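Heads up, the thing below is written out as structure tokens.
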Amino acid sequence: MKIVVYPGTFDPITNGHLDIIYRAASLFDKVIIGILTNLTKKPLFTTEERLEMISQCVKDIKNIEVKSFNGLLVDFAKEMNAEAIIRGLRQVSDFEYEFQMALMNRKLCENITTVFLMPNEKYTYLNSTLIKELARYNADISEFVPNNILEELKRKFL
Ligand code: PNS
């Protein structure tokens, strides 16, 4: 069974993340979405909220699980018996940080491989920080996030 971890902050999850998740779910037997909890930056949504929101988004796909983790990503991946870590690459500017992280993770654990997937190009400029900013000022973000996330963002910024 090929298990892969898709880690991130997901504050909140966007259609760009979901695009990566669907691609990963078609390539691997099981995808475990790992929500990082121990953030130095305070997220808008609590870990429990993010877990619930993401679970709602992927509830119809059988080979996806949603979990949260603290500490090192490679330790979480080992605990999940994952062979690989998925990261999304949207544009060249993502590459340097992702490359460093992938190589450091490989140094920490040689048998876990980072796999990069590219989302549909319509999501190249999408990120959670921009989504929160747009939501705060009541811009139309309906094409960037699923409906349940839209509702949760509205509740936060009401
Ligand atoms: O969605 P993000 O914020 O880009 O995800 C970053 C994430 C969660 C993948 C990264 O911060 C991470 O792996 N954190 C866990 C701590 C860790 O393992 N750090 C060493 C990375 S080489």
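The values are calculated or read from the model by the stated rules, or taken from the named source; none is laboratory data. Quantities reported herein were computed from a predicted structural model and do not represent experimental measurements. Counting neighbours? That spans all protein chains shown, and the Cβs are built from the backbone with ideal geometry, glycine included.
Just so you know, in segment 105-126 the residues that are in a helix (DSSP H, G or I) and surrounded by 11 or more Cβ atoms within 10 Å (Cβ to Cβ) include one that is nearest to the ligand (Cβ to nearest atom), and it is ASN105.
For segment 26-48, filtered to residues that are away from the ligand (no atom under 13 Å from the Cβ) and out of contact with any Lys or Arg (no Cβ under 9 Å at 6 or more places or on another chain), the residue that is farthest from GLU65 (Cα to Cα) is LYS42. Residues in segment 15-46 that are part of a loop (DSSP other than H, G, I, E, B), closer than 23 Å to ASN105 by Cβ and in contact (Cβ under 8 Å) with a residue 24 or more places away in the chain: PHE28, ASP29, THR37, ASN38, LEU39, PRO43.
Once segment 62-94 is narrowed to residues that are surrounded by 12 or more Cβ atoms within 10 Å (Cβ to Cβ) and at pLDDT below 95, the residue that is farthest from the ligand (Cβ to nearest atom) is ARG90. Within segment 127-155, the set of residues being within 16 Å of the ligand (Cβ to nearest atom), in a helix (DSSP H, G or I), in contact (Cβ under 8 Å) with a residue 40 or more places away in the chain and not β-branched (Val, Ile, Thr) comprises SER128, LYS132. The lone criterion from (1) in a helix (DSSP H, G or I); (2) over 26 Å from ILE149 (Cα atoms); (3) of a type in the set (D, E, K, R) left unmet by GLU49 is number (2). Number of residues in segment 52-61 that are part of a helix (DSSP H, G or I) and either buried (at least 19 other Cβ atoms within 10 Å of the Cβ) or within 16 Å of the ligand (Cβ to nearest atom) (or both) equals 3.
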